[in-house]
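A.B. asks: Below is one structure. I have some questions about it.
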Amino acid sequence: MKNISKIIFFIIINFCLIQVTTAQTSEIKSKPREILFPPLEELIEAAIKNNPAVKFRISTMEAKESLVKSERNYWTRNFGLQADFTYGNINNSSYSIEAEDSNLLSTSTTQLNYGAGVYMKFPIFDIINRKAQIKQAELEVDQAKNMAESQKNEIRELVIKQYQEAILKQKLLNIKSHNLGNARVNMEMVEKEFRNGVIAVSEYVRISDITSKIEVEYETAKSDFFLAKKLLENTIGFTIGKTNSN
């Protein structure tokens, strides 16, 4: 009798160990690999650096700054150096009258003539409008800078929202994954009880329906997390890898 009791006790212990092992295995299989996201500031910096709209705003600002320099140096166009060179035959003629005699003299020489000088102009229109043109160019630079900063702020806000959304979706996915693991373990036990005639068909159908709904919730959470992650990656310009698994 004692031997039979020991055998029954041993069977019960093994059965419990098998159930625990099965539960742990099912939970591990259903639990997704957790992703460690980079720091938020790093993602914001990458998004600003890789965003085409921000690049366009920055290039526009640089072009406006170059225009300001050009306007400030515009006065140098009114100063210059001028030179000319000529080489060839030069004909000279002279006519003289002396004591009722007239003489016509004609000479021809070959020589090099050159000259150089500095010139300076003072256009009235340039003098009057130069300051206004420089002021206008500086205002355009300020506008371009403000547009670039506004674009950067929009990117910052977008990354913050997408980052928090992705973190939230991953947490919800982990919760749904844990629920699914428990539901699957419970379903396995219910199936064994049903086969042994312990529970009725109606109870088996009810538990099966609950398990199916939990599986649907898990798949929905997984899809939501995938979408949130991809939107964030599209904004920052690179893929966030999987760096941790449980």
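The values are calculated or read from the model by the stated rules, or taken from the named source; none is laboratory data. Predicted, not measured: the structure shown is a model, and the values here were computed from it. A quick note on method: Cβ atoms are made from the backbone with ideal geometry, for glycine too, and the neighbour counts reach across all protein chains shown. SASA here: full protein model, heavy atoms, side chains in, ligands and nucleic acids out. Shrake-Rupley method; radii C 1.70, N 1.55, O 1.52, S 1.80 Å.
A.B. asks: Taking interchain pairs and intrachain pairs at least six residues apart, which have beta carbon atoms under 7 angstrom, with the first residue in the stretch 221-233 and free of Cβ contacts under 8 Å to residues at least 12 places away in the same chain and the second surrounded by 15 or more Cβ atoms within 10 Å (Cβ to Cβ) and not polar (S, T, N, Q)?
C.D. replies: 233/240
A.B. asks: Could you give me the residue pairs with C-beta distances under 9 Å whose first residue belongs to the stretch 196-215 and is assigned to a loop (DSSP other than H, G, I, E, B), whose second residue is open to solvent by 60 Å² or more (accessible area, probe 1.4 Å) wherever it lies, and which are 6+ apart or on separate chains?
C.D. replies: 198/192; 199/193; 200/194
A.B. asks: Of all residues in the stretch 210-222, which are open to solvent by less than 80 Å² (accessible area, probe 1.4 Å) and closer than 26 Å to residue 192 by Cα?
C.D. replies: 210, 211, 212, 214, 215, 218
A.B. asks: Evaluate the following for residue 159: is it of a type in the set (Val, Ile, Thr), open to solvent by 40 Å² or more (accessible area, probe 1.4 Å) and at negative phi?
C.D. replies: Answer is no for this residue.
A.B. asks: Next up: Give the residue that is farthest from residue 230 (Cα to Cα), with candidates limited to residues of the stretch 162-185 that are open to solvent by 70 Å² or more (accessible area, probe 1.4 Å) and among the polar types (S, T, N, Q).
C.D. replies: Checking each candidate, the answer is 182.
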